[in-house]
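The values are calculated or read from the model by the stated rules, or taken from the named source; none is laboratory data. Bear in mind the structure is a predicted one, so any value in this text is a computation, not a measurement. Quick reminder, even Gly has a Cβ in these numbers, built from the backbone with ideal geometry, and neighbours come from all protein chains shown. To get the accessible areas, we keep the full protein, side chains included, count just its heavy atoms, and leave off ligands, DNA and RNA. Shrake-Rupley method; radii C 1.70, N 1.55, O 1.52, S 1.80 Å.
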Amino acid sequence: MTPVMAIARRELRSYFVTPMAYVFLVIFLVLAGILTFYAGDFYERGVADLQPFFAMHPWLYLILAPAVSMRMWAEEAKGGTLELLLTLPVNLHEAMLGKFLAAWLFLGLALVLTFPLWLTVNYLGSPDNGVILAGYLGSWLMAGAFLAIGACLSALTQSQVVAFILTMMVCVLLILAGQPQVLDFFHGALPRKLVSGVAQLSMLRHFEAIARGVLDVRDLVYFLLTILAWLLAGILVLDLKRVR
Amino acid sequence: MIETDRLTRCYGHLTAVDALSIRAEPGQVLGLLGPNGAGKTTAMRMIAGFLAPTSGTARVCGHDVAREPVAARRALGYLPEGAPGYGEMTVREFLLFIMRMRGLAVDLGRRRFEDVVARLELEDVLESPIDTLSKGLRRRVGLAQAIVHDPPVLMLDEPTDGLDPNQKHAVRQLIDAMARERTILISTHLLEEVHALCNRVVIIARGRLLADATPAELEQRSRYHGAVSFSAPGSGIAQEMLGRLPQVAGIEVDPLDGRITVFPKPGARILEPVENLLRQQGLEVSEIQLERGRLDEVFRQITTGNGAEGRA
């Protein structure tokens, strides 16, 4: 077994031996259901698809993804196990990858567990299941991006609360980057090209594009690059902590 | 083999470890001795690769810990200060995790696992979460984790801290048994441990190396080395005569129990002359002792800088 797999396995196990996993899954599923039916007007729209369900995901992840990622490194630093882990024969990028994969798989599991909604729309009508699959993929990629941000910020601090709040701040900025209000604000201050650059950073835009069923390579690359960049930043943070 | 070459670590303006050069060979138990805050843990963290040196190098089995960190860590078993462990894991899960991280093959691994569990007497707690263990048990789990891959180099940060006397004895026996072909570096501030375990001692304080010697050599630096002590009531005249012996440098009487200690001049042997004199005086001496030297006194002199260095 490689160190990446050993770490991912340990992380996943630790989610499930503590109440963390169950509390998270229950809250995730309940919130996903409530938001879809009440805030998303699932029935009133009269369309058999999961658009209202996916539309809520950015906001759902905004709260729940930092809750998963906050402990990733902060807990190890606080409990002293960081010293144990990083003096085992493992490279920083392997450790980071193992932890990230565990969290990402866990959120993937949470997504899979929303399958009753998928069954429901298929019972109610005949939705385009390709679009739904794209929605799930986009949602999972977005979850990965949030978790990668959280992984990096969790490496910065020993405090899980600080990691949670920082992650939420960064995520909210990335979600809102493409909103007209935010862009209007930048219009006055930045050249046009930079403003459209800011708009390109918007998580919401790329996610909504995928969730509509349009699998554009640029949107996929956006999420994969976001994940990669934040994980690399996290590795850098861990490396700098050894020097500091 | 552990070698450090002018290993240095600064935190801002504070120099925690200052140009430390030490060397531990296979078969050696090297004790890193120093008061709290002397830089023992920082030095070990650098050797283990958890902290990067500000300058200088450290090598484990020839692997530079900065250039070949994974190779160096593979050769190393390390017990960090306080024996940290993942609290929610059971002892069995924890040890298996460490073995997976170290890439131990399943068949070889099983034998190692059973061997280590037996050596540290962990059979009864294998299914207990680490959080529920006593301090002594946690330390044993930490030791098991450090030796599970049978490393050629072992580094233990205060391995007996928090253990009761029986557990201390057991851990020392374990270290002793493993010492033969391995290089072992332990840090401690317990002087008894140096006697019981180490065949070489490095004393550091404020990050600097102050002495590198065998325990016996250190004892020789003590002014008690070669001194003779005895208890004899009513020996006032004898004391005066002892003071006039040519080999004797001085006499001290313990104000509490009246025990008399006779100090030799440098290099002199005084047991025989003292015994002869006491016999001539017809004094009843129930017991007479030749002192080896007192490590605690030497330690204090060296680490507080009271000029013991010159007496070596």
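Scanning segment B:15-31 for residues that are open to solvent by less than 40 Å² (accessible area, probe 1.4 Å) and more than 24 Å from B:ASN199 (Cα to Cα) yields a single hit, B:ALA16.
For segment B:89-124, residues that are assigned to a helix (DSSP H, G or I), surrounded by 15 or more Cβ atoms within 10 Å (Cβ to Cβ) and within 29 Å of the chain's Cα centre (by Cα) total 10. Residues in segment A:71-125 that are part of a helix (DSSP H, G or I), surrounded by fewer than 20 Cβ atoms within 10 Å (Cβ to Cβ) and facing chain B (nearest Cβ under 9 Å): 2 in all.
A Cβ distance below 6 Å, combined with a sequence gap of six or more or placement on separate chains, defines the contacts here; from segment A:168-184, residues that are within 21 Å of A:ALA151 (Cβ to Cβ) reach no residue that is part of a loop (DSSP other than H, G, I, E, B) and acidic (Asp, Glu).
In segment A:1-30, which residues are assigned to a helix (DSSP H, G or I), more than 7 Å from chain B (Cβ to nearest Cβ), open to solvent by less than 80 Å² (accessible area, probe 1.4 Å) and touching a residue at least 60 places away in the same chain (Cβ under 8 Å)? Selection gives A:VAL4, A:ILE7, A:ALA8, A:GLU11, A:LEU12, A:TYR15, A:ALA21, A:PHE24, A:LEU25, A:PHE28, A:LEU29.
Matching residues to (1) more than 34 Å from the chain's Cα centre (by Cα); (2) closer than 29 Å to B:ALA24 by Cα; (3) free of Cβ contacts under 8 Å to residues at least 60 places away in the same chain:
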{"position": "B:LEU210", "(1), (2), (3)": "no, yes, no"}
{"position": "B:SER222", "(1), (2), (3)": "no, yes, no"}
{"position": "B:LEU256", "(1), (2), (3)": "no, no, yes"}
{"position": "B:PRO266", "(1), (2), (3)": "no, no, yes"}
{"position": "B:VAL285", "(1), (2), (3)": "yes, no, yes"}
{"position": "B:ILE288", "(1), (2), (3)": "no, no, no"}
{"position": "B:ASP296", "(1), (2), (3)": "no, yes, no"}
{"position": "B:GLN301", "(1), (2), (3)": "no, yes, no"}
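Here B:ARG119, B:ARG180, B:ARG112 are screened, and the one residue that is out of contact with any Ser or Thr (no Cβ under 7 Å at 6 or more places or on another chain), of a type in the set (D, E, K, R) and under 19 Å from B:LEU32 (Cα atoms) is B:ARG180. Restricting attention to segment B:70-88, the residues that are more than 20 Å from B:LEU133 (Cβ to Cβ), surrounded by 18 or more Cβ atoms within 10 Å (Cβ to Cβ) and at the interface with chain A (Cβ under 8 Å from one of its Cβ atoms) add up to 3. Residue check: is B:ALA16 in a strand (DSSP E or B), aliphatic (A, V, I, L, M) and touching a Lys or Arg at 6+ places or on another chain (Cβ under 6 Å)? Yes. Screening the candidates B:GLY49, B:GLY34, B:GLY12 for the property of being open to solvent by 10 Å² or more (accessible area, probe 1.4 Å) and either at pLDDT below 95 or away from chain A (no Cβ under 13 Å) (or both) yields one hit, B:GLY12. Residues in segment B:125-148 that are among the small types (Gly, Ala, Ser) and open to solvent by 10 Å² or more (accessible area, probe 1.4 Å): 2 in all.
Taken as a whole, segment A:200-218 holds no residue that is in contact (Cβ under 8 Å) with a residue 60 or more places away in the chain and under 17 Å from A:ALA67 (Cβ atoms). Looking for something open to solvent by less than 20 Å² (accessible area, probe 1.4 Å), polar (S, T, N, Q) and in contact with an Asp or Glu (Cβ under 9 Å, 6 or more places away or on another chain) - is there at least one such residue anywhere in segment A:166-174? Scanning segment A:166-174, I find no residue that is open to solvent by less than 20 Å² (accessible area, probe 1.4 Å), polar (S, T, N, Q) and in contact with an Asp or Glu (Cβ under 9 Å, 6 or more places away or on another chain), so the answer is no. Hey, any hits in segment B:137-147 for a residue that's at the interface with chain A (Cβ under 9 Å from one of its Cβ atoms) and in contact (Cβ under 8 Å) with a residue 40 or more places away in the chain? Yes, because at least one residue in segment B:137-147 is at the interface with chain A (Cβ under 9 Å from one of its Cβ atoms) and in contact (Cβ under 8 Å) with a residue 40 or more places away in the chain. The residue that is modelled with the lowest pLDDT, among those in segment A:16-35 that are within 20 Å of A:TRP140 (Cα to Cα) and among the β-branched types (Val, Ile, Thr), is A:ILE34.
Checking each residue of segment B:157-175 against the condition of being at pLDDT 90 or above, hydroxyl-bearing (Ser, Thr, Tyr), under 18 Å from B:LEU32 (Cα atoms) and buried (at least 21 other Cβ atoms within 10 Å of the Cβ) gives no match.
Here is a check on your reading of the model: is B:VAL262 open to solvent by less than 40 Å² (accessible area, probe 1.4 Å), in contact (Cβ under 8 Å) with a residue 60 or more places away in the chain and more than 24 Å from B:LEU32 (Cβ to Cβ)? So B:VAL262 does not fit the description; no. If the condition is being within 17 Å of B:VAL285 (Cα to Cα) and surrounded by 17 or more Cβ atoms within 10 Å (Cβ to Cβ), then segment B:223-250 contributes B:ALA227, B:VAL228, B:SER229, B:PHE230, B:ALA232, B:SER235, B:ALA238, B:LEU242.
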